[in-house]
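> Before I ask anything, here is the structure I am working with.
No value in this document is a laboratory result; all are computed from the given coordinates. These figures come from a predicted structure and were not determined experimentally.
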Amino acid sequence: MYHANLSFRLLNRYLGYALEIELVSAPCSSDGCYALTPKGYEFLEKYNKYSLRSKQLEEQQRAIVKEKATLEENYVAKMSGMNSKNSFPKQGKSVELRS
């Protein structure tokens, strides 16, 4: 409880919810320990995959922001003397190229 930074009240609420949706089973021995159910293991596996994917996407997003900043720093700043129609478009806007 203390390592999870949860109050007793909040722990009981979460534990009640986990029992209700059958992620854990009630203690069946005198030690009072709860056990994960197969559904609980499946949830943890899916959550871990989600968490990993989320972290990967955050890293990709940071890399894209960094690349954009580099492009703007190296190229847009040098184009500042040019006509504003020739500058890079805002994110999400497309540019029509004419021959």
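> Collect residues whose amide H, placed 1.01 Å from N in the peptide plane, falls under 5 Å from the amide H of Val24; neighbours closer than 5 in sequence don't count.
Leu19, Thr37
> What aspartates and glutamates could a cross-link reach from Lys46, if we take a straight Cα to Cα line under 18 Å and drop same-chain neighbours fewer than 8 places away?
Of all the aspartates and glutamates, those that pass the test against Lys46 - Cα under 18 Å, at least 8 places apart if same chain - are Glu22.
> Under 17 Å Cα to Cα from Lys49, which aspartates and glutamates show up? Leave out anything in the same chain fewer than 8 places away.
Glu58, Glu59
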